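The values are calculated or read from the model by the stated rules, or taken from the named source; none is laboratory data. Model, not experiment: these values are computed from the prediction. Note: ideal-geometry Cβ built from the backbone for every residue, glycine included; neighbour counts use all protein chains shown.
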Amino acid sequence: MAGRARPRLAVWKFASCDGCQLSILDCEDELLALAEAVHIANFPEASSAVEEGPYDISLVEGSIITAHDAERIVKVRQQSRLLVTIGACATAGGIQALRNFGDIGEMVAAVYASPQYISTLATSTPIAAHVAVDFELRGCPVDKAQLLEVISALLAGRKPAIAAHSVCIECKRRGITCVMVQGTPCLGPVTHAGCGAICPSFRRGCYGCFGPMETPNTAALAGQWRRLGAAPREVQRAFRTFNAAAEPFLRQSQAHDDQDDPG
């Protein structure tokens, strides 16, 4: 008797650095088990053998920065039963969303010798701004254990067990002394867990790679940064990195737009 057909998996790239796709390949031993559980039908980063849709699960990396990509993501959605966005670019616009705070024409002219050949949008936006998304997995890049959990959960028909708490919980679980208590500004209290508190474990403040946690109090954290001596410009820059366009981070960075640094 022929076995039941495995679910078909596709991996898509939009504007990004490929880091989240590499996280899939970095699964190593787990990748073999994944390949047995699903049929990888479309993953150009790993294989030139690309099969046409429809697909049961699509993993999408990257943000939308061109009109062509805005059209392409609609086609991807139409071919996918479930669509999961992976990484800061796909879930919040990525580092390239810094363009959202400036004049795109001036930026293109400064970078390219022949800007007239460049066709791009004025903003970098997450996938969810264009199509319906079934699950968002944060990170820059995503954590491979969380990625495997999401895929496993979707294959089993259950909700992925991805915690919504902050990096502070990870610090407590690892017995890491709070760096803010020691006077180091840190985004950990408002950042989604997932990295294992890498930076605080080396006595450095969290950079917010995994984006805002559930209901983050960014205003209170910004106030604490100021009490530690951070200037308004430093607070603004801290919220304008990998997840600059994520609404809680965006709102807090804009709150420091018109504040002058002391001096």
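Are there any pairs, at least 6 apart or on different chains, whose C-beta atoms fall under 7 Å, with the first in the range 93-117 and at pLDDT 95 or above and aromatic (Phe, Trp, Tyr) and the second in a helix (DSSP H, G or I) and surrounded by 14 or more Cβ atoms within 10 Å (Cβ to Cβ), and if so, which?
Pairs that qualify, where the first residue is at pLDDT 95 or above and aromatic (Phe, Trp, Tyr) and the partner is in a helix (DSSP H, G or I) and surrounded by 14 or more Cβ atoms within 10 Å (Cβ to Cβ): there are none.
Is it the case that the range 78-90 has a residue that's more than 18 Å from Ala156 (Cα to Cα) and of a type in the set (Lys, Arg)?
no
Determine whether the range 69-81 contains at least one residue that is without any contact (Cβ under 8 Å) to a residue 12 or more places away in the chain and among the small types (Gly, Ala, Ser).
Within the range 69-81 (the criterion being without any contact (Cβ under 8 Å) to a residue 12 or more places away in the chain and among the small types (Gly, Ala, Ser)), the answer is no, since none of the residues qualifies.
Spot the failing condition for Glu61; the list is (1) buried (at least 19 other Cβ atoms within 10 Å of the Cβ); (2) of a type in the set (D, E, K, R); (3) at pLDDT below 95, and only one is missed.
Unmet for Glu61, out of (1) buried (at least 19 other Cβ atoms within 10 Å of the Cβ); (2) of a type in the set (D, E, K, R); (3) at pLDDT below 95: (3).
Of all residues in the range 39-58, count the ones that are touching a Pro at 6+ places or on another chain (Cβ under 9 Å) and either buried (at least 17 other Cβ atoms within 10 Å of the Cβ) or under 25 Å from Thr120 (Cα atoms) (or both).
Within the range 39-58, residues that are touching a Pro at 6+ places or on another chain (Cβ under 9 Å) and either buried (at least 17 other Cβ atoms within 10 Å of the Cβ) or under 25 Å from Thr120 (Cα atoms) (or both) number 3.
Check the range 202-222 and report whether any residue there is of a type in the set (Gly, Ala, Ser) and more than 20 Å from Cys171 (Cβ to Cβ).
yes
For the range 1-24, name all the residues that are part of a strand (DSSP E or B) and over 18 Å from Gly87 (Cβ atoms).
Arg8
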